[in-house]
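The structure that follows is given in the form of structure tokens.
Here, each number is a calculation from the coordinates, and none is a lab measurement. Note that the structure is a prediction, hence the values are computed from the model and not measured. Cβ: placed from backbone, ideal geometry, glycine included. Neighbour counts: every protein chain shown.
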Amino acid sequence: MKVRFWGVRGSIPAPGPDTIKYGGNTSCVSVHTKTGGLVIIDMGTGLMHLGNSLLTGPFGKGQGRAAILLSHTHWDHIQGLGFFPPVFIPGNEFTVWGPGNSSNALEQILEGQMDPNFSPLQSLKNFSAKFDVHAAVCGEAFTAEGLTITARSHPHGNTTALAFRIVEDGKSFVYASDVGQPTEEPAPAEMIEFFAGADVLLHDTTYRPSDQATRRNRGFSTYEDAAAAAIAAKVRRLVMFHYDQDYTDTDVDELAESCRAYLDGHGGKQIVLTPAREGDELEI
Amino acid sequence: MKVRFWGVRGSIPVPGRSTSRYGGNTSCVEVRPKGAAPIIIDAGTGLRRLGKSLMEDAFGDGKGKATILISHTHWDHVQGLPFFSPLYRAGNHVDIFARQRDTHLEAVFSQQHDSPYFPVPLSAMQADVQFHEIIEGAQFSIGKAKITCTRLNHPWVAMAYRIDVDGASVTYCADTAPFTDILFGREFIVTAPSLDEPLPADVAAELAKMRAGVVALAKQTDLLIYDTQFTLDEYRLRPHWGHSHPDDAIQIARDAKVKRLCLFHHAPMRSDDDNDLILAKYREIAKPDKFELLSAYEGLELTLGAE
């Protein structure tokens with residue numbers, strides 16, 4: 001599978017000359033499968049740019065199909081949806097898998113984003129494409145676009161966010177953004193088990209430790225949390241993701257250097273480190 | 001007074017290299033009367049950086065006072081509010097004015113802060129936040145500044161504002177479609193209607209009245225900030241989106257005899273180079289006109305009236 005980053009920023013898009021290297025769009029990652037399938041993870045503002053790029057293929061002709069995995073429904077993970085051109089082309093089909101007790105509840109949350117006070121689209125019903133919404137059941141593997149996917153719920157401030165483990169022909173990619181332990185205790189064993197042996201672990205690295213210290217209640221990780229989890233889970237590659245909106249490119253460069261040093265100093269020398277950058281691709 | 005642009009983009013923020021000169025943040029303009037508290041027009045993502053800059057002054061000590069005038073509550077005009085640092089400091093006072101909706105404004109704005117969309121509820125803001133519902137035609141004062149407003153032609157209605165203070169004025173018209181083809185209300189318009197068929201007389205009259213209201217509001221204003229999301233060709237493909245183009249803005253500027261016209265609310269996919277070309281083209285067209293033509297970019301600051 002081929003993973004591409006369309007938005008790597010946390011909380012709110014951060015346009016400006018000081019975010020050009022890593023990018024200022026909010027969370028969105030695409031996974032293209034070997035057999036031509038497409039799985040999209042999160043619908044931050046990066047989704048608009050992914051959508052524009054898809055228009056030259058089947059999605060431009062109303063013959064496209066994709067699964068969308070949604071970690072949670074905070075704005076920065078859904079605000080690209082109304083600007084995703086393929087949903088306005090009849091014939092395209094999307095299946096959303098996200099958090100919630102019921103599919104209906106999740107659909108109503110997404111519907112709320114289109115409320116006419118806030119969006120000229122007024123309702124999901126005004127999409128021309130087929131747009132099905134399902135609550136993902138944690139711990140039960142399901143298949144989407146030929147990939148085997150398992151979801152797991154993790155603490156995220158006063159709520160939770162889903163992480164996804166995606167497997168194709170024995171190769172595994174774990175997406176774990178917007179996760180933060182409520183205390184300084186290390187990540188629980190069940191979580192490490194979910195990450196275990198992944199070829200690529202994409203993990204929340206919103207903060208440097210000094211910033212997390214004053215904002216732990218927000219439910220994000222530091223690069224140290226991410227590195228520690230990667231070491232414990234013996235993953236091959238760690239991808240840093242969901243940078244704080246106030247961090248400049250220089251800050252993220254430093255974050256990456258510090259993360260490398262932490263890995264090297266704590267038994268993770270063999271782990272490849274990749275700070276996610278808009279437009280970059282990873283072959284897994 | 002000083003006018004500073006913090007967000008000039010329409011629809012959705014667009015970070016990236018191709019938008020870094022004009023800026024990718026959504027609508028937010030700061031009007032600073034001489035020696036007085038800021039009057040902010042719209043709360044797009046540009047508001048975040050404005051908030052950070054305000055925290056370096058009285059707002060950081062919990063002694064700040066600001067007014068926010070909201071044109072309408074579409075996301076690109078409100079999504080910076082939860083990231084406006086002064087709201088998180090006790091002692092600050094923020095007045096928010098917007099057009100009356102079906103539900104009380106506070107309820108509308110609360111939705112943006114509610115779980116499961118945002119972690120911090122509006123009710124948890126430490127600053128004193130007051131909502132003021134207004135209707136088109138309302139006139140009110142903020143300190144020494146006089147505010148007037150009229151409605152615009154946009155889905156679910158947007159409000160234009162004029163601020164008169166320090167012997168000068170600024171008029172903000174976003175978002176609006178031209179007043180020629182569609183009368184926007186509550187309906188969702190699925191496809192672009194034909195632009196060649198004549199409008200029903202009552203619709204044409206309503207639009208003419210709305211346009212006259214805008215021209216009257218902008219009469220001889222020192223600075224007219226206008227929604228020019230589209231080029232004329234783009235507008236003809238998407239007249240049902242509720243945005244205008246420079247040709248229309250220039251006509252309004254002529255009729256209102258404004259001193260400066262500023263193109264604003266740039267389309268998300270409009271690159272800096274495209275914006276340069278549009279500005280150059282319309283500067284040529286507006287050469288015989290008496291007004292100066294500008295294109296808004298993040299960080300642009302103008303002084304209106306006496307220094």
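What's the local net charge at A:Ser210, with K and R +1, D and E -1, over the other residues with C-beta under 15 Å away?
Numbers: positive: A:Arg208, A:Arg215, A:Arg216, A:Arg218; negative: A:Glu184, A:Asp211, A:Glu224, A:Asp225, A:Asp244, A:Asp246, A:Asp251, A:Glu254.
Residues near A:Ser210 contribute -4 overall.
Now, a different point. Sorted from largest down, give the three principal axis spans of the alpha carbons of the stretch B:2-303, whole angstrom values.
55, 40, 38
Enter the angle in degrees (range 0 to 90, nearest 10) between the Cα long axis of helix A:249-265 and the first principal axis of the Cα atoms of chain A, meaning the one along which they spread out most.
Rounded to the nearest ten degrees, it is 50.
Then there's this: No solvent, one uniform scatterer per C-alpha: report log10 I(q)/I(0) for the stretch B:157-307 via the Debye equation at q = 0.08, 0.13, 0.18 1/Å, two decimals.
Debye output, listed in q order: -0.23, -0.60, -1.12.
How big is the C-alpha Rg of the stretch A:63-201 next to the rule-of-thumb value 2.2 N^0.38 Å, as a ratio? Let's see the in-between values first.
Working: Rg = 16.1 Å, N = 139, 2.2 N^0.38 = 14.3 Å.
Dividing the Cα radius of gyration by 2.2 N^0.38 Å gives 1.12.
Spelling out what I want: for every residue of the stretch B:125-132, take phi, set θ = phi - 60°, compute 6.51 cos²θ - 1.76 cosθ + 1.60 (Karplus), and round to whole Hz; glycine and proline get x.
5, 7, 5, 7, 10, 10, 9, 10
Using a cut-off of under 20 Å, list every residue of the stretch B:161-193 whose amide N is near the label point 7 Å from the Cα of B:Ala201 along the Cα-to-beta-carbon line.
So the set is B:180-183.
Moving on to the next point. Along the charge dipole of the stretch B:2-303, which of B:Leu224, B:Ala267, B:Pro178 sits closest to the positive end, that is, farthest toward it, with unit charges on the beta carbon of Lys, Arg, Asp and Glu (+1, +1, -1, -1)?
Farthest towards the positive pole: B:Leu224.
Follow-up question, since we're still on this one. State which entries of B:Lys259/B:Lys287; B:Lys52/B:Lys146; B:Lys146/B:Lys287; B:Lys146/B:Lys259 exceed 24 angstrom in Cα-Cα distance in the structure shown. Numbers along the way, then the final one.
Working: B:Lys259/B:Lys287 13 Å; B:Lys52/B:Lys146 27 Å; B:Lys146/B:Lys287 32 Å; B:Lys146/B:Lys259 19 Å.
Distance filter (> 24 Å) returns B:Lys52/B:Lys146; B:Lys146/B:Lys287.
Near B:Lys2, which aspartates and glutamates are there with a Cα under 13 Å away, not counting those fewer than 8 places off in the same chain?
Answer for B:Lys2, where 13 Å is the Cα cut-off: B:Glu30, B:Asp164, B:Asp166, B:Asp222, B:Glu301, B:Glu307, listed by chain and number.
What are the semi-axes of the equivalent ellipsoid of the stretch A:86-168, taken as the square roots of 5 times the eigenvalues of the Cα gyration tensor, listed largest first and rounded to whole Å? Intermediate results must be reported in sequence, preceding the final value.
Working: eigenvalues 124, 68, 17 Å².
In descending order the semi-axes read 25, 18, 9 Å.
Measure nothing fancy, just the Cα-based angle from helix A:103-113's long axis to the longest principal axis of chain A, in degrees from 0 to 90, nearest 10.
90
Could you give the dipole magnitude of the protein assembly as shown about its Cα centre, charging the beta-carbon of Lys and Arg +1 and that of Asp and Glu -1, in debye to the nearest 20?
Values: 56 positive and 73 negative charges, 163 e Å.
So the dipole magnitude of the protein assembly as shown works out to roughly 780 debye.
Sticking with this one: Separation between the A:Asn104 and A:His266 pseudo-spin-labels, each 7 Å from Cα along Cα→Cβ, expressed in nm?
4.5
Roughly speaking, what % of Cα-Cα pairs in the stretch A:1-74 are separated by over 19 Å, rounded to a whole number?
Numbers: 980 of 2701 pairs.
Result: 36 percent of Cα pairs exceed 19 Å.
Give me, ordered by chain and number, the residues 5 or more places off A:Arg65 or on other chains with an amide H under 5 Å from its own placed amide H.
Long-range HN contacts for A:Arg65: A:Glu93.
In percent, how large is the relative contact order of chain B, given Cα pairs closer than 8 Å and 6 or more residues apart? It would help to have the intermediate numbers written out before the result.
Working: 722 pairs, mean separation 57.4, N = 307.
Computed over chain B, the figure is 19 percent.
For the stretch A:163-284, with only Lys/Arg (+1) and Asp/Glu (-1) charged at the beta-carbon, what is the dipole magnitude about the Cα centre, in debye rounded to 20? Could you put the intermediate results ahead of the total?
Values: 12 positive and 24 negative charges, 79 e Å.
So the dipole magnitude of the stretch A:163-284 works out to roughly 380 debye.
In debye to the nearest 20, how big a dipole does chain A give about its Cα centre with +1 on each Lys and Arg Cβ and -1 on each Asp and Glu Cβ? If you can, show how the numbers build up before the last one.
On the way: 22 positive and 34 negative charges, 135 e Å.
Taking the Cα centre of chain A as origin, the dipole is about 640 debye.
Pairs on different chains or at least eight residues apart, Cα atoms closer than 28 Å: how many lysine pairs in chain A fit?
17
Starting from the 7 Å offset along Cα-to-Cβ, what nm value, one decimal, do you get for the label separation of A:Thr148 and B:Gln126?
5.1
Then there's this: Could you check the simple spin-label distance between B:Arg186 and B:Ala58, using points 7 Å along Cα→Cβ, in nm with one decimal?
Computed distance between label sites B:Arg186 and B:Ala58 equals 4.1 nm.
Let me ask you something else. Give me the base-10 log of I(q)/I(0) for chain A at each q in 0.11, 0.12, 0.13, 0.17 Å⁻¹, Debye formula, one uniform scatterer per Cα, rounded to two decimals.
So the normalised log intensities are -0.58, -0.70, -0.83, -1.45.
Plugging the Kirkwood radius over Cα pairs into Stokes-Einstein for the protein assembly as shown, at a temperature of 37 °C and a viscosity of 0.692 mPa s, what D comes out in µm²/s?
Values: Rh = 24.8 Å.
Roughly 133 µm²/s, to the nearest whole number.
Using θ = phi - 60° and the Karplus curve 6.51 cos²θ - 1.76 cosθ + 1.60, what whole-Hz ³J(HN,Hα) does each residue of the stretch B:151-162 get, with Gly and Pro shown as x?
Taking θ as phi minus 60°, the curve returns 8, 10, 9, 8, x, 6, 6, 10, 10, 9, 10, 10 Hz for the stretch B:151-162.
OK, next. Take the Cα radius of gyration of the stretch A:126-211 and divide it by 2.2 N^0.38 Å, with N its residue count; two decimals is plenty.
Dividing the Cα radius of gyration by 2.2 N^0.38 Å gives 1.25.
Based on the Cβ-Cβ distance from B:Asp233 to A:Glu190, what FRET efficiency comes out when R0 is 56 Å, to the nearest 0.05? Walk me through the numbers before you get to the answer.
Numbers: r = 57 Å, r/R0 = 1.01.
With a Förster radius of 56 Å, E is 0.50.
Around B:Asp95, what is the net charge, scoring Lys/Arg as +1 and Asp/Glu as -1 over all other residues with Cβ under 14 Å from its Cβ? Please list the in-between numbers first.
Numbers: positive: B:Lys65; negative: B:Glu106, B:Asp128, B:Glu133.
The answer is -2.
Taking the convex hull of the alpha carbon atoms in the stretch B:16-160, what volume per residue do you get, in Å³? Let's see the in-between values first.
Details: hull volume 18.9 nm³, N = 145.
Measuring per residue, one finds 131 Å³ for the Cα hull of the stretch B:16-160.
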